[in-house]
Each structure stands twice: as structure tokens, then as C-alpha cells.
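Remarks on the structure that follows.
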Amino acid sequence: MPPCSASPPRSPSPSPPCYDTNYGTAIGSGDDVVLPIQSIGFSFPFAGASYSDIHVSTNGFFYLSNAGVPTPGGALCCAGTSATLLANTAGPMICPFWTDLYVLATNNAQVFVNASATVCTITWNNVIEYADPANTLFNLQAKIYPSGQIDFTYSTNVAMRTAGDCLVGVSPGNGATDPGSSDLSVGGAAASDSMYEIFNNTALLSDLAGSMVTLLPTNPGYVYVTTPCTSAVPPAFNTSYGQGCVRSFNSFYENFATAGTFDLDGTSMTLLNTGTGYLALAGTATYFAPTANATSLALVDDSEATVTLATPFPVNGGSTSSLTVCSNGYVSVATGNGTAWTPNVAAFLAMQQTVFACWHDYNPTIAGSGTVKFEEANGIAYITWDAVYSFGTTVPDTWQLQFETATGTVNYVWVSSSLAGNGKLIGYSPAGASQDPGSLDLSVMLPGTISVSSGVELTPLGLTAAGTAAPGSTVTLSTTNTPAGSPFGALAFGLTQFAAGLPLGGLGMPGCYQYNEAAAVQLYFAPNAGGSYTAPTGTAFLGVKIQVQAAVYAPGATPLGFITSNGIEMTLGT
């Protein structure tokens, strides 16, 4: 018999079965960010208190607050941990799938909130796991109710695909006692207001795909029930995959969200100055060990120093007679980029001065650390992090940037990394704002080449879907980033998804891919920018997946004159 202070579990609040495609309002995208505060729409009871607002992290969880009190914490990259969940003092945490997620705008990924007086729905749509080589898109959803009930819903392809842990659970934090791990898929009861389960891609595989976990409050604690959604009539929803063409960006980078994932030791990368940009390729440069002529720069934690070059160094649009060296692993052509210690993609792409980066939190003033050194020899300016410690560690990193003053070529040479401390962001960005090309996998791509320009950036053709394919309903399909002057386009429909894409370079469309078999084609003409699909009526088609992709005739964009979009998968359902 429960103690008198406990309340019996309530019946689940009425809601659509499993995944709800009424997403509401898009509140943002990005990597490792907490998005702006959102009203819940009612007073949500949790662990003996009530809350009016949420703060959603792109990493698959959200904080509770009352008008920002308590102040929410950070995005908490890059793995869910029970210790952080329980100790957290930045507001209670509700975590449908807390791990290192990437809500990438070029995948049409967004976080949505739909708040009403009866339910608040939070959706992570078209997200991927950071560093997933297949870029597998999936969806997560959380719902909270005035009764205190919490629902977590997962698309059928949710899984852990990369190293690191994922935490599913809830806690008021503030040093809560560890109740131990639950088994959510089995169902049961928890006596504590904190409860969780940990998953990874090795021994603790996720078993929640295609299901809904319902937490019914018992004050304190929860009864938890997991319902398989795949056995019910499937919801109608759309998923975006792949990428469009033609892409032309002025910056490139790889974001190693945790230092332990860095995989470039023992390699080098060369940026060839083309006069209008750079061509990045696997480097042939070798490490130049600093000699007795090298100068140890007077850098302290989070600081910068300017070095004068014997010969001006060519950069796009001109040249520079000096370089500004930040202790935290980036070199700029002038001051103005600051000395921030946390690698941040948005800040990198918005830097005021051209920058060459291996951005990481270094502290050369730790006792025993090496220093950052500058030396010129044989027409090359060498800037070397010579056994420099990561902040808070005593394990060194050694790597080097080489600036060839005759040609403007830049070499990155990585010798050894401690794999400790915070993340690393590797790349190049010119002065001023650049569009986000998405994180690349340099170790995979650099047997080939990466081209960046100093001209107009071209965002690839995109395809979006408004509405869902419920029986008799119409989905509006629209292209984005269509080049001006394109006279017509086409929507190609099929039943087979080419998830990796068929390269179309051999047809005169380099960088473009085909994502379905194009069993049917629907033409449209300017000024229209798309078409529509009307789902058949009746139950026989429920669960069928329709693939669609756009192609646009854009003379001059490719040798053939056509460009293609990402793919959309429409699941027919209720």
C-alpha cells in the first residue's frame, strides 16, 4: 500500500496515438545550443513544484523554469550522464534522448514546440547523431500534460550509431539521489522523481525505436509504460534526407564536439591558394621542429599575440604583413577574432578576420606545458603548439600551421593530440559572415579535395513538404534556393529510396545525386516552385512510403544545366 502522501497514477491523458505530426512552431536549429525560452501553455507539475516555461537543447532534452528561473544550463554536449542529470542545478531536466545530436538546417532539421492549454509537444525533427557517417535522419518527440504525465515517442529508426552514451529520463536535479537505472521497455514503477536508462552503441543498445514511453506521476515517482507504435496504424509524416546541389561555400570545417573524437593525428592538410579561394587536399608537408631560433610567444590562457612577417603573406583579396595568434588554436590575418576558448561553429563562421583554425581550449601557462612558438625559415612562417597542455590537463598537444609566403599556401600538420579537454574545430573561414556548409569528415574527404571560394555562396536546391499524407490529404512540395531565371522544374516520385544517392557527375551534374527511381514525374513551370501530392483514400496504403525529389533547369549551374534537391520520404498514415 503506498504511503498517504503518494497519489495513485493517473490514466494517460488523451492524445493522438504515438507520433504527433502537428509540430507547431519551429524554434531553431544548430549544434550544441539551447534554444530561446518557450511557454508551456499551462502550469506543469514536476517533483513537487510547477513550471511555466521550457528551454530546449538541440541535444535531445529540455530544462524547466519559471520565466527563466532557475537560469537554464548549457547544451551539455556530448553524452547523457546520470551524474550530470542528478547533480544539475540549472532547473529540472526532461530527456527523451540526451546525446550528441546535430540539428542541421541543411537537412531541413528543426526543433518545434506546440504549446496549448492541454498538452505541450516538443519535436526534434530530421536530427542526426553527430559524426554518424551515414547521416541517418530520425525524429524524437516529448509531450508534457497538466496532469504531470510525460510521453516520449521515437521514430522507427532511432538508435545509437556512434560512440558515447544516451540518457533517457527525468530528474529535478540539485543533488538528487541516484535511483539506479530503469528498464523502460519492460515497464514498471520508480519510487523517485529521478529515473533514467542509459544506452550506447555497444553493450547497451537502444530498444525504444518505434515506441512511446509514458511516465505517469505517483508523487513521488512514476509508473512507466512503453507501447509499441509499429503495431498500430502508422502516423503520416515526412522525413528529409540527402542534400541538394550545387553547393558553393566560402568556409569549411570539421567540428569534433569532444576532443576524444579527433582523428587527424599523424596527417596534414594543405590549403592551396587559388587566388579566388582555397583548394583543400591531403597534405604532403611534414612537421618542422622548432629550432633555437624560434620565439616562444608570451601567450597566457585565452590570449593573443601578433607576429610580424619578413615577407607579406598573400591572402584572398590582398596580403598581410603580420599574423595574430590566439592561444586557443587559431591564427588570423589581423586582430578582431577574440580569444574564446569554446569552439563554436556560428562564431567561427562570423569571425571578423580571415582565420585558420584548430580551435581548442589550450593553456600554455600550466606548469610543465610547452609554449606556442613562431619561426620563419626558407620562406615559410611556422606557428607551432609545441607540447601545449589542454586547459585543466597535463597532457600535451603538438601541431603546426605553416604559411608559405611566396604562394599563400597554408599547411596544417598534426603530430599528436592528448584527446583531452574540450572539443576541436578544424577549418578555414574568410573575413565576415559565411553560410554554414555543415561539418565535414576531413579524414574521409581529404583523399579528394574541398573547394572554397571568395565569391557568392550558393546554397543547394532544397525541397520541403508542408502537410502530411493522411488519406485524401494533400502535401505541398516546394523548392527553396531555386536560381533566378530557372524556367521549369520537375518532381520525381518513386517507391525506392536511394539513401546514399546515385552520383550524377557522369551526366554533367557534378555534386548532384539521385534519390529515387523516378517512376513518375510531375512538371512545373516558373513562377511556380513546386507541386503537390494527394494521398489515396482507404486503409490499404497506410504505411506505404513515397519518395520524392526535385530537379530544376538552371542554365549554367552545371554542364548539363540541371540541379537536384534533397530527397523527401512521405509515410502514408493517419
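Each reported figure results from applying straightforward, stated rules to the coordinates on display, with no laboratory input. Small disclaimer: the values here were computed from a predicted structure and weren't measured. Counting neighbours? That spans all protein chains shown, and the Cβs are built from the backbone with ideal geometry, glycine included.
Side notes on the structure shown:
- Descending semi-axes in whole angstrom, ellipsoid equivalent of region 40-98, from the Cα gyration tensor: 19, 12, 10
- Chain lengthening between THR89 and THR177 when straightened (0.36 nm per residue, less Cα-Cα): 30.3 nm
- In the chain, helices alone account for a calculated mean residue ellipticity at 222 nm of -500 deg cm²/dmol, with every DSSP H run of four or more residues adding -39,500 (n - 2.57).
- Fully extending the segment from SER322 to SER473, taken as 0.36 nm per residue of separation minus the present Cα-Cα distance, adds 48.1 nm.
- Total formal charge among the other residues, if their Cβ is under 12 angstrom from that of VAL444, Lys/Arg +1 and Asp/Glu -1: -3
- Highest-first arrangement of 42-55, 204-217, 516-529, where packing means the average Cβ count within 10 Å: 204-217, 42-55, 516-529
- Spatial extent of region 25-232: Rg and Dmax, with the Cα atoms as the point set, Å: 15.4, 43
- Student exercise, region 252-453 dipole from Lys, Arg, Asp, Glu Cβ charges, in Debye to nearest 20: 220 debye
- Cβ-defined net charge surrounding ALA105, 13 Å radius [Lys, Arg +1; Asp, Glu -1]: -2
- Spatial offset of region 148-166 relative to region 274-321 amounts to 44 Å, using the alpha carbon center of each.
- With K and R counted +1 and D and E -1, the other residues having a Cβ less than 13 Å from that of THR339 yield a net charge of -4.
- Charging the Cβ of each Asp and Glu at -1 and of each Lys and Arg at +1, and nothing else, the dipole of the chain about its Cα centre rounds to 1100 debye.
- If the chain linking PHE525 and SER43 were pulled fully straight, counting 0.36 nm for each residue of separation and taking away their Cα-Cα distance, it would gain 168.5 nm.
- Considering only SER321, VAL113, CYS95, and ranking their Cα positions along the charge dipole of the chain that arises from unit charges at the beta-carbon of Lys, Arg, Asp and Glu, the one farthest toward the positive end is VAL113.
- For region 252-453: rounded, prolate or oblate by the Cα gyration tensor [a/c cutoff 1.5]: rounded
- The chain: C-alpha gyration tensor shape, a/c 1.5 cut-off, then a/b vs b/c: oblate
- Dipole of the chain, positive end: most advanced residue of THR295, ASN174, SER417 [Cβ charges, Cα centre]: ASN174
- Cα centroid separation - region 484-531 against region 41-86, whole Å: 42 Å
- Residues of type aspartates and glutamates that LYS373 reaches as a straight line, Cα spacing below 19 Å, ignoring anything fewer than 8 places off in the same chain: ASP301, ASP302, GLU304, ASP361, ASP386, ASP397, GLU404
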